[in-house]
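This report concerns only the one structure given below.
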Amino acid sequence: MKILVTGGAGFIGSAVVRLAIARGHQVVNLDALTYAACLDNVASVADHPNYQFVQADIRDRAALDRVLAQTQPDVIMHLAAESHVDRSIDGPSDFIDTNITGTFNMLEAARKYWLDQGRSDSFRFHHISTDEVYGSLPADPEVQFTEATSYDPRSPYSASKAASDHLVRAWAETYGLPVLLTNCSNNYGPYHFPEKLIPVVILNALAGKPLPIYGDGSNVRDWLYVEDHADALLLVVEKGQLGRSYNIGGENECSNLQLVQALCAILDELRPRDAGSYGDLITFVTDRPGHDARYAIDPTRIRDELGWRPSVTVEEGLRKTVQWYLSNEAWWRALQDRQGVGERLGVKA
């Protein structure tokens with residue numbers, strides 16, 4: 001199978017690229033190489049005969065038409081997106097342009113390509129989205145997001161992803177485009193861009209800087225190891241029911257404070273400080289606007305229909321992640337000079 005992955009030099013996209021190549025698929029990696037992209041993420045497969053990189057922007061419709069005509073993919077996996085909530089608060093226009101208009105361009109380019117291919121029965125357009133489109137949950141552990149949960153986005157980021165989800169469903173209903181959708185919980189793991197919570201905590205701790213936690217740290221997230229997510233995405237594109245959406249969760253709920261405390265404990269063991277614990281660096285900072293209280297995914301559909309469950313617990317995943325950052329300093333050092341990295345964003349509201 002030949003898969004065109006948009007955003008394949010990003011965090012989740014690169015995990016999909018690496019796994020797809022390992023499983024014998026042909027992969028075309030289409031990426032604009034914006035601030036959060038890094039070709040080092042796919043360096044391990046860059047010379048593989050089944051891998052091809054194309055630098056193109058999903059906001060450029062003409063470029064998308066050319067790439068699809070030239071590469072002839074069997075499947076499109078659409079991961080390219082602006083994804084940092086804090087950046088969406090400071091600069092929402094980039095999120096509208098990329099996540100909404102860019103997805104519109106991808107859908108139209110895919111529709112043209114699919115029609116030119118004679119409405120191929122094997123073609124798939126897989127749109128990868130987030131659980132943030134559903135809004136915020138109460139503390140009750142019995143309440144989780146299902147595929148039937150009403151959309152209630154609270155940030156410019158989640159609103160832009162919700163809009164893109166609606167576009168994908170509309171193109172399926174109106175034009176018959178064969179689509180699949182997935183909504184995932186918070187990803188973490190190797191190659192996570194160093195402005196998100198887990199890498200910020202690890203890198204600040206190593207530098208002896210404060211470990212910022214928004215509000216009182218009670219916000220709860222369901223943490224999904226990125227390589228588990230890549231496995232689920234490939235399964236959905238291969239065996240998912242057309243027109244169906246699948247929620248992908250890690251079955252690993254914990255509060256932000258619990259998460260940071262766990263990271264500190266792992267660092268205390270693997271890279272002890274000269275004096276004291278990394279936990280001494282924890283600092284509570286003013287919450288960001290519109291910070292959702294809790295996300296949690298009900299994974300029943302993907303488990304029952306496709307037989308998928310995550311393989312990595314949050315305890316295992318955090319340890320593997322810390323070990324990866326300790327062993328790959330050259331990777332994250334090179335990214336720390338990029339605009340906004342290491343700064344507190346999302347405070348202009």
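Annotations
- Matching option when the condition is surrounded by fewer than 21 Cβ atoms within 10 Å (Cβ to Cβ), within 27 Å of W332 (Cβ to Cβ) and over 14 Å from the mean Cα position of the chain (by Cα), among P178, P272: P272
- Summed over the range 201-252, residues that are modelled with pLDDT under 95 and among the hydroxyl-bearing types (S, T, Y) total 2.
- If you check I58, I21, I96 for being assigned to a helix (DSSP H, G or I) and under 18 Å from the mean Cα position of the chain (by Cα), only one passes: I96.
- Residues that are aliphatic (A, V, I, L, M), surrounded by fewer than 21 Cβ atoms within 10 Å (Cβ to Cβ) and outside any loop (DSSP other than H, G, I, E, B) do occur in the range 28-42.
- Test set (1) touching a strand residue (DSSP E or B) at 6+ places or on another chain (Cβ under 8 Å); (2) part of a loop (DSSP other than H, G, I, E, B); (3) closer than 24 Å to K209 by Cα - P310 fails condition number: (3)
- Residue check: R87 meets all listed conditions (1) surrounded by 16 or more Cβ atoms within 10 Å (Cβ to Cβ); (2) of a type in the set (K, R); (3) more than 24 Å from R338 (Cβ to Cβ) but one, namely (3).
- Subset of the range 283-342 that is more than 21 Å from V226 (Cβ to Cβ) and of a type in the set (S, T, N, Q) - its residue that is surrounded by the fewest Cβ atoms within 10 Å (Cβ to Cβ): Q339
- Check on A63, of a type in the set (A, V, I, L, M, F, W, C), in a loop (DSSP other than H, G, I, E, B) and buried (at least 17 other Cβ atoms within 10 Å of the Cβ): no
- Taken over the range 66-88, the criterion of being over 22 Å from the mean Cα position of the chain (by Cα) and in a helix (DSSP H, G or I) is satisfied by R66, V67, L68, A69, Q70, T71.
- Number of positions in the range 104-130 that are touching a residue at least 60 places away in the same chain (Cβ under 8 Å) and either among the small types (G, A, S) or assigned to a loop (DSSP other than H, G, I, E, B) (or both): 1
- Filter result for A170 (surrounded by fewer than 17 Cβ atoms within 10 Å (Cβ to Cβ), assigned to a loop (DSSP other than H, G, I, E, B), free of Cβ contacts under 8 Å to residues at least 12 places away in the same chain and hydrophobic (A, V, I, L, M, F, W, C)): no
- Every listed requirement among (1) of a type in the set (S, T, Y); (2) farther than 30 Å from R319 by Cβ; (3) surrounded by 22 or more Cβ atoms within 10 Å (Cβ to Cβ) is met by Y151 save one, (3).
- Number of residues in the range 131-144 that are in contact (Cβ under 8 Å) with a residue 12 or more places away in the chain and surrounded by fewer than 23 Cβ atoms within 10 Å (Cβ to Cβ) equals 8.
- Only one entry of Q55, Q72 meets the criterion of being in contact (Cβ under 8 Å) with a residue 24 or more places away in the chain and out of contact with any Leu (no Cβ under 8 Å at 6 or more places or on another chain), and that entry is Q72.
- The one condition in (1) within 21 Å of A232 (Cα to Cα); (2) of a type in the set (A, V, I, L, M, F, W, C); (3) not in a helix (DSSP H, G or I) that L137 fails to fulfil: (1)
- Out of D60, D40, D94, one residue alone is touching a residue at least 12 places away in the same chain (Cβ under 8 Å), over 21 Å from V168 (Cα atoms), in contact with a helix residue (DSSP H, G or I) (Cβ under 9 Å, 6 or more places away or on another chain) and acidic (D, E). It is D40.
The values are calculated or read from the model by the stated rules, or taken from the named source; none is laboratory data. Keep in mind the model is a prediction, meaning the values are calculated, not measured. Please note: Cβ atoms are built from the backbone with ideal geometry, for glycine as well, and neighbour counts cover all protein chains shown.
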